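The values are calculated or read from the model by the stated rules, or taken from the named source; none is laboratory data. Computed from a prediction, not measured in an experiment: that's the story for all the values here. Heads up, the Cβs are rebuilt from the backbone with ideal geometry, glycines too, and the neighbour counts pull from every protein chain shown. The area values use the complete protein model at the heavy-atom level, side chains included, leaving out ligands, DNA and RNA. Shrake-Rupley method; radii C 1.70, N 1.55, O 1.52, S 1.80 Å.
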Amino acid sequence: MATWSKNNRACTTLWTTFSLMQQLSTNFDDSGELHIKDLTFYNVLGSADIKKQQANIIADQLDNIFRLGRGATYEKNIDRAAAMTAMNSILIDPEKQLKDLAEVLDNTYIFWGETK
């Protein structure tokens, strides 16, 4: 099970990024339990194709922000395609939670200042 913690760079980076993107309006502690369907990008009435397209757009934005804006690098044996696939698998599932996405991100990126 995924853990949401202020001591985890994936969690804090995701929360601050989504806050700036206006995808959520909850405080950090409450955000880990948010479902994907609670984020502003998620269109509950959209077709499966629309949901995939929207998830891909968000995944692309996150990847660019993390790498280009926040200095993250990919974990060993991870590339952009793998990162996008991993994020999309969570972002298209309305019942997944933000903490599930953070867990995927923690396994995909080495965030600035993160020690392993």
If every Lys and Arg gets +1 and every Asp and Glu gets -1 at its Cβ, then about the Cα centre segment 9-110 yields a dipole, in debye to the nearest 20, of 300 debye
Given the Cα-Cα distance of Asp60 and Thr3 and 0.36 nm per residue of separation, how much length would full extension add, in nm? 18.1 nm
Would you mind checking the pairs Lys6/Lys51; Lys52/Lys99; Lys37/Lys96; Lys37/Lys99; Lys6/Lys99 and listing those with alpha carbons more than 18 angstrom apart? Lys6/Lys51; Lys52/Lys99
Applying the gyration tensor rule to the Cα atoms of the chain (axes a ≥ b ≥ c; rounded if a/c under 1.5, else prolate if a/b exceeds b/c, else oblate), the class is oblate
Calculate the FRET efficiency for Asn27 and Glu95 from the Cβ-Cβ distance with a Förster distance of 25 Å, rounded to the nearest 0.05. 0.70
Only helices counted: for the chain, with every DSSP H run of 4 or more residues adding -39500 (n - 2.57) and the sum spread over all residues, [θ] at 222 nm is -14500 deg cm²/dmol
Under a cut-off of 17 Å between alpha-carbon atoms, report the lysines in cross-link reach of Lys76, not counting same-chain residues fewer than 8 places apart. Lys116
Quick one: compute the contact order of segment 9-110, relative version, from alpha carbon pairs under 8 angstrom and 6+ residues apart, as a percent. 38 percent
Accessible-area order for Val104, Val44, largest to smallest, probe 1.4 angstrom, reads Val44, Val104
